[in-house]
Amino acid sequence: RCDGASYPRLEALASPLTPSLASPGKPVQNKAFAGIDEEKSRGAGSAGSAGYAPSSDVSAPENELAAKAADKTVRSAGAVGVFGSAGAAGVAGASNAAVGAHAAGAAAAEAKPFLGGSGKNKKILFLDVGYFLNREAPKAARELGASVTVWSGRGGDRAEEEDYQRLLRQIKEVGPDLVLTINHLAFDAEGILEDIFRRLGLPAASWFVDSPAFILGAVKKTVGDVFTFSWDRDYLPVLKALGYKKSSFLPLASDDSFFPAGDGREKCVRKIAFVGESLTAATEKYLKLAGLEEKVLPKVDELAREFSRSGELVPGPDFDGLEKDMTDERLLNLKALITWRASRLRRREVLSAMPPESLSINGDEGWLEMFPEKNLGPRLGYYDETARHYRSSAVNINVTSAQMKTGLNQRVFDVPACGAFLLTDRRSQLDGLFEADKEVVTYQTPEEARDKALFYLSHEEARRKIAERGRKRVQKDHLYRRRLDQLLKTVFGPAEA
């Protein structure tokens, strides 16, 4: 296991590699740490780790299989779970892809050339532990001209020494210019891998698409050499406070091969649609992990409402006595429970404001506790069903998870990517990424969401024009190959002509 006791063994494993990889002229030499603005983020206090709540809101992480993968790997930072940006729901296919696609799925996807050249002559080793973006990120890097090798394995406290032996062998065989991972997965709480990469002179980058406040809360040692990227600008001070000084904002995006615009012949068969989880299972899980009984949920819900109204990224410090005699781990799970409940309450409030006869929800069976069965449909396959569902829905509703106070989730990019109409809750980070009410439409309250949904239901041409402008904006600015281009330029500097 990758803990303090195994560090000497891993150090011994790495030592023979260090001379051959860190010698002059080898590809793992640190090319240039260019493009990093060290002054743009403010310092802030760090938080602990707890719970799992993805950022996409419509992608892999909220499914059962992907949640299990997260449980296995998020502990790489010693976390109890993950709170995230991917936050989406009711999408089963993403989890299947996360477990089964890996490198083969990424390699098979058609590469679309992108003028940028940031990946040219670059070798990237992608650490894949079966989580969100395990298809999109390697595929995007290949589209930029990079050679991508995928290491698939167990990370963190579930890893065995053989996993890291294999990783080190791949480093020696490939001679990568960069190691890339999502959410710091495969890294360990002791900072062992960070230190090994530092001694090898091998740049590493970690793209957080879930809350680093929770993922990294239990990290015991930070080397600080890793380039970190956050999908949500609000978390940059958290990363810097945890010791990651090379931190940059890198929002989510979409992939037009998974979310194509279609042929224009699809008809709208749903009026107002939401694709997402009820978060019932998360409530049950973290209620138990926090050592609480169901009778305290009214008090938890009041704390959840307070958290939603606050600008804080993590609940607390007042828990109305629920935290009495709790261990640190249980307190972290209480924070997870409050965050999940806040997201659940917000989803219910917005969707309950919609006309029942016009509402369609696809997700888990937990929705039956809140809405009639006639309004509900099954989970969707993220890669093979969700885009078609969006295109055949007149109005697609987005409700952002509670831990994203100003940031954007995955649905904000996927819906317009495929030429569908999006009605999303207003978030300040939308500014500069989309033009509100021209490329996507926003709302502030559940009542405003209902009124705008009804307006655009009866104004098809206005809806169509907004959807088309949103699609063009995603094509221009918000595809994953553009995000990887930005990441690689941050690590290596501008591409050579």
Looking at SER308 and the list (1) of a type in the set (S, T, N, Q); (2) more than 30 Å from TYR456 (Cβ to Cβ); (3) in contact (Cβ under 8 Å) with a residue 12 or more places away in the chain, which single condition is not satisfied? (2)
I need the full set of residues from the range 442-466 which are open to solvent by less than 50 Å² (accessible area, probe 1.4 Å) and either within 24 Å of the chain's Cα centre (by Cα) or among the hydroxyl-bearing types (Ser, Thr, Tyr) (or both), in order please. THR442, TYR443, TYR456
Answer yes if at least one residue in the range 266-289 is in contact with a strand residue (DSSP E or B) (Cβ under 7 Å, 6 or more places away or on another chain), crowded, with 17+ Cβ neighbours inside 10 Å and assigned to a loop (DSSP other than H, G, I, E, B), and no otherwise. yes
Got a sec? Which of LEU185, LEU178, LEU144, LEU168 is open to solvent by less than 30 Å² (accessible area, probe 1.4 Å), farther than 27 Å from TYR480 by Cβ and of a type outside the set (Val, Ile, Thr)? LEU168
Residues of the range 290-328 being more than 30 Å from VAL412 (Cα to Cα), out of contact with any helix residue (DSSP H, G or I) (no Cβ under 9 Å at 6 or more places or on another chain) and either of a type in the set (Ser, Thr, Tyr) or loosely packed, with under 14 Cβ neighbours inside 10 Å (or both), in sequence order, are LYS295, PRO298, PRO317, LYS324, ASP325, THR327, ASP328
For the structure I just gave you, tell me whether LEU368 is of a type outside the set (Lys, Arg), over 28 Å from CYS418 (Cα atoms) and free of Cβ contacts under 8 Å to residues at least 60 places away in the same chain. yes
Are there any pairs with C-beta distances below 6 angstrom linking a residue in the range 318-334 that is without any contact (Cβ under 8 Å) to a residue 12 or more places away in the chain to a residue that is surrounded by 10 or more Cβ atoms within 10 Å (Cβ to Cβ), with the two at least 6 apart or on different chains, and if so which? GLU323/LEU331
If LEU332 satisfies all but one of (1) open to solvent by 10 Å² or more (accessible area, probe 1.4 Å); (2) part of a loop (DSSP other than H, G, I, E, B); (3) among the hydrophobic types (A, V, I, L, M, F, W, C), what's the number of the condition it fails? (2)
ARG471 being surrounded by 16 or more Cβ atoms within 10 Å (Cβ to Cβ), out of contact with any Ser or Thr (no Cβ under 9 Å at 6 or more places or on another chain), more than 30 Å from GLU349 (Cα to Cα) and modelled with pLDDT of 95 or more: no
Please note which helices (runs of 4 or more DSSP H) are completely contained in the range 118-220 and include at least 1 residues that are in contact with a Pro (Cβ under 9 Å, 6 or more places away or on another chain). 136-143, 161-174, 192-200
Among residues of the range 347-382 being open to solvent by less than 60 Å² (accessible area, probe 1.4 Å) and assigned to a helix (DSSP H, G or I), the residue farthest from THR280 (Cα to Cα) is SER358
Does GLY224 count as in contact with a Lys or Arg (Cβ under 8 Å, 6 or more places away or on another chain), farther than 26 Å from PRO176 by Cβ and assigned to a loop (DSSP other than H, G, I, E, B)? no
Taking the range 411-466 and keeping only residues that are among the small types (Gly, Ala, Ser) and either part of a loop (DSSP other than H, G, I, E, B) or closer than 28 Å to TYR235 by Cβ (or both), one is left with ALA417, GLY419, ALA420, SER428, GLY432, ALA436, ALA449, SER458
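The values are calculated or read from the model by the stated rules, or taken from the named source; none is laboratory data. If you're wondering where the values come from, they're calculated on a predicted model, not measured in any experiment. We place every Cβ from the backbone using ideal geometry, glycine too, and count neighbours over all the protein chains shown. Side chains included, ligands, DNA and RNA excluded: accessible areas come from the protein's heavy atoms. Shrake-Rupley method; radii C 1.70, N 1.55, O 1.52, S 1.80 Å.
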